[in-house]
Structure formats: structure tokens, C-alpha cells
Amino acid sequence: MNINIVMVEPEIPQNTGNVARTCAAIGAKLHLVKPLGFEITDKYLKRAGLDYWDKLEIEEHESLNNFLDKYKPENNNMYFVTTKGEKCYSENDYSKDNEVFLLFGKETKGLPEELLKKYIDKTIRIPMRAGLRSLNLSNSVAIVAYEVLRQNEFENMKQISEYFEEHF
């Protein structure tokens with residue numbers, strides 16, 4: 001299972017650093033779609049990602065259109081994560097996919113409305129209480145990515161902690 005985390009126009013470096021760390025931990029490829037709300041060398045971005053940058057595959061895209069031209073939603077297992085999503089993220093069967101793309105929009109606006117309308121059948125959401133705007137972006141990435149991993153029985157993930165192996 002290949003997981004691609006796509007951050008469309010992220011604005012907050014700490015969120016992107018946290019997402020980068022999650023991607024490194026699970027072996028997901030991180031796609032950053034410009035414009036970014038920070039420089040890739042931003043100290044907050046680096047601090048949040050800590051020492052995981054060399055364990056991470058990152059691909060940058062000049063625009064959302066460039067990304068969509070290269071990785072066509074019609075030809076790829078692509079899901080658009082949004083509070084406006086048609087169904088809950090856990091309702092999809094990700095175990096049938098060899099590769100999956102999970103798209104997340106910018107912190108202040110989410111994914112473009114026209115994109116969501118065009119691919120409404122590929123939109124997913126994380127349930128939450130009524131009246132609240134959204135979850136933190138990096139938390140949302142982790143929630144959905146780990147559901148994909150869970151459905152694939154955490155393939156290629158270390159199942160037993162090193163501490164447990166050494167002490168028990």
C-alpha cells in the first residue's frame with residue numbers, strides 16, 4: 001500500500017512539519033501544492049518535523065492544476081478530505097487499493113469548492129460535533145492515514161515496540 005498525503009496550499013509551518021513527521025513514520029509520500037504560506041526552510045517547519053526529514057519523500061507541485069494534471073483523479077484512488085464530505089472516512093474500503101491519495105486543503109478555507117463539487121463521490125469527512133468548524137489539519141491527516149493503514153493490517157509497520165522486545 002502506497003499512501004500519498006497531499007497538502008493543498010498549507011499555511012501553517014508547524015502543521016506541515018507535523019504532517020511530515022507522520023508521513024515519515026508511516027512511509028507515506030508527502031505532496032506539497034503551492035503556494036505555501038511559509039518557506040520550506042522555515043524553522044517552525046523543521047522543528048515540528050525534527051530529525052525525520054531525511055526519512056521522507058516530498059514532491060512539490062507549482063499549483064493544484066499541475067498536481068491534478070499529473071495524478072488524475074479519474075485514474076487514481078483519490079479522496080478529498082473535507083468537512084463537507086459525502087461520507088465518513090471509515091466507510092471506504094482502502095484495503096482494495098494499491099495506492100491512495102488523500103488530499104487536504106489549506107487551514108483557513110479547505111479544498112476549493114469547485115473541486116469538491118466535481119468529485120463529490122470521492123469526498124470524505126471526519127465526524128465531529130455540530131457547530132464546530134474543523135479539526136487541526138495535522139490531526140486530520142493522522143486520523144485518515146491510520147485508518148488506511150489499519151484496513152491494510154498495518155502492512156510494513158513495526159508491530160511490537162523495541163522496549164517490549166528488549167524487556168519481555
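Read-outs: derived from the displayed coordinates by stated rules, not from any lab. All values reported here derive from a predicted model rather than from experimental measurement. So basically every Cβ, Gly included, is an ideal-geometry build from the backbone, and we count neighbours across all protein chains shown.
Values for this structure:
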| item | result |
| --- | --- |
| Of Lys34/Lys118; Lys34/Lys87; Lys70/Lys106, pairs whose Cα-Cα distance is over 25 Å | Lys34/Lys87 |
| Taking the convex hull of Cα positions in region 2-167, its mean projected area over all directions (nm²) | 10.7 |
| Candidate aspartates and glutamates - alpha carbon under 15 Å from Lys84, same-chain residues fewer than 8 apart omitted | Glu107, Glu113, Glu114, Asp121 |
| Residues listed by number, region 73-88, amide nitrogen under 19 Å from Ser134 label point at 7 Å toward C-beta | 78-88 |
| Cα centre as origin, Lys/Arg/Asp/Glu Cβ charges: region 2-167 dipole, Debye | 620 |
| Estimated translational D of region 104-160 in µm²/s (Stokes, Kirkwood radius over Cα pairs; 4 °C; 1.567 mPa s) | 96 |
| Around Lys84: net Lys/Arg minus Asp/Glu count, Cβ-Cβ under 15 Å | +4 |
| Inter-label distance, nm, simple model (7 Å from Cα along the C-beta direction), Glu59/Tyr163 | 3.7 |
